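This report concerns only the one structure given below.
The values are calculated or read from the model by the stated rules, or taken from the named source; none is laboratory data. Computed from a prediction, not measured in an experiment: that's the story for all the values here. All Cβ positions, even for glycine, are placed from backbone atoms using ideal geometry, and neighbour counts span all protein chains on display.
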Amino acid sequence: MRLIGLEFFAVAPPPPGWGGRHWQIVRLTTDDGITGLGEVYASAVGVRAMQAVIEDVFARHMEGESPENIELMFRRVYSSGFTQRPDPTVIGAFAGLEMACWDILGKARDRPVWALLGGRMNDEVRAYTYLYPEPHHDPDLFWIDPDMAGEAAAARVAAGWTAVKFDPAGPYTIRGGHMPGRRDIALSAAFCTAIRAAVGDAADLLFGTHGQFIPGGAIRLAKAIEPADPLWFEEPVPPDDFPALAAVARATSIPVATGERLTTKAEFAAALAHGARILQPALGRAGGIWEAKKIAVLAEAAGAQIAPHLYAGPVEWAANLHLAVSCPNILMVEAIESGFHDALVTGRPRVEAGFVAAPAGPGLGIELNDAVAAAHPVTADRLHLEMQEAPCDWVNGNRFAGGSAD
């Protein structure tokens, strides 16, 4: 069995675009006709440039190879160009292609991917959701209104969710770590207070920041939200500043989480060594399913847990779930329950009352709906997510509209 074909699908989800402006899905084919799906989350270049990288990685390092030889292909990619270091774009390209290999292997053996990763440790996996506006909410004011956030959290708990995530402490700026405005700190504390009052002890609060603060600013913010007892403080400092991560971890009682922008076990090992207690690999960027399994093992040995990140499409979601089913130290998985995620693939695992059952089908258990993908092409030359150039607004405050496409 050899890899012989690659197809690339760039899909733009319709508004409000939960999951980003576009999803990059690949389908590999073997010489005996088995196909497998994967998803690339790397997003630092445009779609067409990323397609060229994906095609180059496949042709240079994978075409003609057995899909079983995942470790060999990873080492080729990791060492490409005499680098031997994490490269988020190249490793991201490989990550999606690697997912597709696991899908093929599971189909060839008529077994779910989790069965090839050590078996079913968990019959079901806890899931969490980002807080999005309810139908009656003002979609612009929602992101700066603690009462609306509390209502949304209460609605999610009523539907069975036991954890909700929110990130009111913008802005997300290219200017690196900054000191949060006092308005942002006060708003963050108000969000935590309102959401905790709305859900009581029925749900955990997951506080995100997307890596925009210097250590002193992150520590000030952490102390302001500590009374609401969040389960985690996500990416408090820029992702490549591990000493800053350690400083924050030492100064707060909230477990520090990080990982959506890290790649390979090398960077995750550094995060663990500097105080991260919850690792959040995005499988379409971190290196794929096998690399994420290694990251989970590193975390287990360090007394840490994993919570795979998802701000992408339904293929990465399926890969996250298969990994989670196999891991004893899984905390929860991030979920996006939207109609378009359901429409784009058949067999997508669904969250029921806050939990998702271990998939039963072979491979990843999903198939792409080519007609839906073709009906939603990428037309705008925008990146999956973009950061603003303007600095923190110290006068009017800041907001972040949940990553929705605009």
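Scanning the stretch 38-55 for residues being hydrophobic (A, V, I, L, M, F, W, C) and without any contact (Cβ under 8 Å) to a residue 40 or more places away in the chain gives a total of 2. For the stretch 341-360, does any single residue satisfy the condition of being of a type in the set (Asp, Glu), under 15 Å from the mean Cα position of the chain (by Cα) and not assigned by TED's automatic domain parsing to the domain that holds Ala12? Checking the stretch 341-360: not a single residue is of a type in the set (Asp, Glu), under 15 Å from the mean Cα position of the chain (by Cα) and not assigned by TED's automatic domain parsing to the domain that holds Ala12.
Residue by residue through the stretch 233-266, note down the ones that are touching a residue at least 60 places away in the same chain (Cβ under 8 Å) and touching an Asp or Glu at 6+ places or on another chain (Cβ under 8 Å). Residues satisfying the conditions are Glu234, Arg261, Thr263, Thr264. Residue pairs whose Cβ atoms lie under 9 Å apart, separated by 6 or more positions or on different chains, with the first residue in the stretch 377-391 and under 18 Å from Ala49 (Cβ atoms) and the second modelled with pLDDT under 90 and aliphatic (A, V, I, L, M), are Ala380/Ala405; Arg382/Ala405; His384/Ala42. Taken together, Arg27, Arg21 contain a single residue that is within 18 Å of Ala373 (Cα to Cα), modelled with pLDDT under 95 and of a type in the set (D, E, K, R), which is Arg21.
Total residues in the stretch 147-185 satisfying the condition of being acidic (Asp, Glu) and in a loop (DSSP other than H, G, I, E, B): the figure is 1. Cβ-Cβ contacts under 9 Å between residues 6 or more apart (or on different chains), taken from a first residue in the stretch 268-290 that is closer than 29 Å to Glu68 by Cβ and touching a residue at least 60 places away in the same chain (Cβ under 8 Å) to a second residue that is in a loop (DSSP other than H, G, I, E, B) and among the acidic types (Asp, Glu), are listed as Ala282/Glu260; Arg285/Glu260; Ala286/Glu260.
Out of everything in the stretch 161-212 that is within 24 Å of the chain's Cα centre (by Cα) and charged (D, E, K, R), what residue ends up being surrounded by the most Cβ atoms within 10 Å (Cβ to Cβ)? Checked the stretch 161-212; the qualifying residue surrounded by the most Cβ atoms within 10 Å (Cβ to Cβ) is Asp167. The C-beta contact set for the stretch 3-27 (first residue part of a strand (DSSP E or B), second residue hydroxyl-bearing (Ser, Thr, Tyr) and at pLDDT 95 or above, distance under 7 angstrom, 6+ apart or interchain) comprises Leu3/Thr30; Ile4/Thr29; Ile4/Thr30; Gly5/Thr29; Arg27/Thr35. Restricting attention to the stretch 85-141, the residues that are at pLDDT 95 or above and assigned to a helix (DSSP H, G or I) total 25. None of Val345, Val325, Val297 is in contact with a Lys or Arg (Cβ under 8 Å, 6 or more places away or on another chain) and either buried (at least 21 other Cβ atoms within 10 Å of the Cβ) or free of Cβ contacts under 8 Å to residues at least 40 places away in the same chain (or both) except Val325. Could you say whether any residue in the stretch 28-37 is free of Cβ contacts under 8 Å to residues at least 60 places away in the same chain, more than 20 Å from Leu385 (Cα to Cα) and polar (S, T, N, Q)? Taking every residue of the stretch 28-37 in turn, at least one turns out to be free of Cβ contacts under 8 Å to residues at least 60 places away in the same chain, more than 20 Å from Leu385 (Cα to Cα) and polar (S, T, N, Q).
If the condition is being farther than 26 Å from Gly288 by Cβ and polar (S, T, N, Q), then the stretch 222-276 contributes Thr252, Ser253. Given the structure, is Glu386 at pLDDT below 95 and either surrounded by fewer than 16 Cβ atoms within 10 Å (Cβ to Cβ) or assigned to a strand (DSSP E or B) (or both)? Against the criterion (at pLDDT below 95 and either surrounded by fewer than 16 Cβ atoms within 10 Å (Cβ to Cβ) or assigned to a strand (DSSP E or B) (or both)), Glu386 qualifies.
Tallying residues that are in contact with a His (Cβ under 8 Å, 6 or more places away or on another chain) and crowded, with 21+ Cβ neighbours inside 10 Å within the stretch 44-100 yields 4. Among the residues of the stretch 60-71, those that are in contact (Cβ under 8 Å) with a residue 24 or more places away in the chain and over 16 Å from Ile289 (Cβ atoms) comprise His61, Glu63, Gly64, Glu65, Ser66.
Regarding Ile219, is this residue surrounded by 24 or more Cβ atoms within 10 Å (Cβ to Cβ) and at pLDDT 95 or above? Answer is no for this residue.
Restricting Val378, Val395 to residues that are under 30 Å from Arg182 (Cα atoms) and either touching a Leu at 6+ places or on another chain (Cβ under 6 Å) or not charged (D, E, K, R) (or both) narrows the list to Val395.
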